[in-house]
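Since the structure comes first, as structure tokens, the remarks are kept for the end.
The values are calculated or read from the model by the stated rules, or taken from the named source; none is laboratory data. Just so you know, these numbers come straight off a predicted model, no measurement behind them. Glycine also receives a Cβ, built like all others from the backbone with ideal geometry; neighbour counts cover every protein chain displayed.
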């Protein structure tokens, strides 16, 4: 008879079951580990690609901005030539012989040129002069001589190249191009490296047969592109529309110009090439001002070169994660307690991420606030909606508030008391920027909305509900305390000025300009000057470049209210406070006309606007007055506000999105079917007209509505919120919400004040 031991059989089955379960646990956790590693590598690779894309986009933006700075230089040259073309220089150009009246006319013309020195100082040039072709004479604000004397004795150029230079001055084909002066310059007497010529005929009603020659050197040209980092091996190339080299920086071989210009650039304006064994990328941008081609060539490795230290950290983290994960797999599999440990780790990671995100938000908020304050103070806000958003973000939406700008400049105390003030001023202030701002916060108050428009200069946005006289006394008291504190503790001398208070937040830019103007009247005995105390000089008209730029900007953005405000300022400053004489009024009208004409040329002409442009052009031919200038500006504003077919289509689509954002199926395909346009065309047009892509726009609407429902208490069950605002997945909604606001919907509900 055979006896079977049931206890041994049960034990054997249990052991087999445990081994099988252990194998399943090990396999499950191994699969999870593999997925995590795969996702980690995937997200790391995705991050590298994103960083690479943003790097080239950022450099393209920097290149465009540098191009815009150079174009602004050309525009200011046009303005200066426009002034010269209407001055006494015009009559001087008609002379063929040189009678006594020729020299008297030259004396008068030189006096006119002195009036334009303000415009000259704004240009990155070393000098400029006018070449009179009929008489072969050179004219500038400080020189008047024949071309051969100018060439030989004034500039001391290479005499062997005189004929080439003479033909250069008579060749109109070289206008509006950079011309290298290397063949004319003697090493013993270095001069400007380039000249840029403009035909004066283009700025005068009659034929003048003269050219305006601007002299430029490498340093001043290079300063325009100072924001570009070449990463050792990179370089910049600028060519005209025909491929001729205009300017280069850091390029070692001019033969590269043809190769770079012949590259095949993709839709992102990028092309790849190899130079001396180094993989490079070229960014191509075409200026709309003069069709010049800008090529910025940088090493490919520059995009991720700064991430080398992070790559090491990433490898260390991944290696540590693998070791720890295998230990956890074995331990948790043996103890059969994986779910609890996994939950604990997830909660810990979420807390760390939440704390990190809150810290990032808190660190970035002051920077964003100061950036918004800077835009308002600089007059770079054009719509009431944007202004309202900024006021709410800055916490300045209370009623009966008045706003003004405090402008401060700091100096070394040695500079104030030294007889050689220039030497003392050039010495750096031995104090950290954070200490300066802490002192401002200590005496001016918090939150401090501040930006630094220049070295040692600070502009602060102030707001108050007190009467103007009491508020001004309060500001003065704070400035005196701040001045004494900086002087006693850091040997820093503070000057300050304040613009007039404004009840309209959009007009804060005027208070900023008044504060900047008033700072020039401060002295050692008067360290604080309000704008209303400065005296106006009737010997010069008020129309600074900043005001001209704002008038141009507000016209092309169609902001009628701000155009009215600017002309109100012009009338007040020039007719009421200064009582300008007739001749200065004519100069004022001429400068305003140049601004209006620049704005008129910036507006795209279309057949439906032809009649309006014709009427405006006829207004330019009438006798100028402030009323006529304002009428022209407002007519141009109306043209800029005229909505095109594409703009109207976008308006209709935005209204449709605002009415149907709760529909979970709302997407590119539904929009394209509704409005009978292709998805790709709609995506491109929407981004072009609104500045953001469709998905971001829709996401913003849904998130804003979510916040409104939470804070108003209209939603009773927070778990159903995602369906109310158009999401079909709760996890997707929570992820986007937390990414946008840094907290979950439930946390926002708990932190919101209770509604009565």
Within the bounds of the range 606-622, is there any residue that is more than 26 Å from residue 561 (Cα to Cα) and either surrounded by fewer than 17 Cβ atoms within 10 Å (Cβ to Cβ) or not assigned by TED's automatic domain parsing to the domain that holds residue 703 (or both)?
yes
Identify all residues within the range 686-697 that are surrounded by fewer than 17 Cβ atoms within 10 Å (Cβ to Cβ), assigned to a helix (DSSP H, G or I) and in contact with a helix residue (DSSP H, G or I) (Cβ under 6 Å, 6 or more places away or on another chain); write none if there are none.
689
Taking the range 280-301 and keeping residues more than 26 Å from residue 604 (Cβ to Cβ) and either touching a strand residue (DSSP E or B) at 6+ places or on another chain (Cβ under 7 Å) or assigned by TED's automatic domain parsing to the domain that holds residue 598 (or both) leaves 280, 281, 282, 283, 295, 296, 297, 298, 299, 300
Across the range 490-500, what is the number of residues that are out of contact with any helix residue (DSSP H, G or I) (no Cβ under 6 Å at 6 or more places or on another chain) and at pLDDT 90 or above?
1
Residue hits (the range 431-472; without any contact (Cβ under 8 Å) to a residue 12 or more places away in the chain, more than 20 Å from residue 370 (Cβ to Cβ) and loosely packed, with under 12 Cβ neighbours inside 10 Å) are 467, 469, 470
Return yes when residue 520 is surrounded by fewer than 19 Cβ atoms within 10 Å (Cβ to Cβ), modelled with pLDDT under 85 and closer than 30 Å to residue 120 by Cα and no when it is not.
yes
Tally, over the range 668-685, of residues that are assigned to a helix (DSSP H, G or I), under 34 Å from the mean Cα position of the chain (by Cα) and more than 28 Å from residue 730 (Cα to Cα):
5
Sole miss for residue 211 among (1) closer than 30 Å to residue 140 by Cα; (2) exposed (fewer than 15 other Cβ atoms within 10 Å of the Cβ); (3) in contact with a strand residue (DSSP E or B) (Cβ under 6 Å, 6 or more places away or on another chain) is condition (2)
Taking the condition of being touching a residue at least 24 places away in the same chain (Cβ under 8 Å), assigned to a strand (DSSP E or B) and surrounded by 19 or more Cβ atoms within 10 Å (Cβ to Cβ), how many residues in the range 107-163 meet it?
8
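To keep it simple, each residue is scored yes or no on (1) in contact (Cβ under 8 Å) with a residue 40 or more places away in the chain; (2) crowded, with 16+ Cβ neighbours inside 10 Å; (3) within 29 Å of residue 352 (Cα to Cα); (4) out of contact with any strand residue (DSSP E or B) (no Cβ under 7 Å at 6 or more places or on another chain).
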residue	(1), (2), (3), (4)
704	no, no, yes, yes
709	no, yes, yes, yes
712	yes, no, no, yes
717	no, no, yes, yes
720	no, no, yes, yes
732	no, no, yes, yes
748	yes, yes, yes, yes
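Rundown of residues vs (1) assigned to a helix (DSSP H, G or I); (2) at pLDDT 65 or above, yes/no style:
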residue: 314; (1), (2): yes, yes
residue: 323; (1), (2): yes, yes
residue: 331; (1), (2): yes, yes
residue: 346; (1), (2): yes, no
residue: 361; (1), (2): yes, no
residue: 380; (1), (2): no, yes
residue: 392; (1), (2): yes, yes
residue: 397; (1), (2): no, yes
residue: 410; (1), (2): no, yes
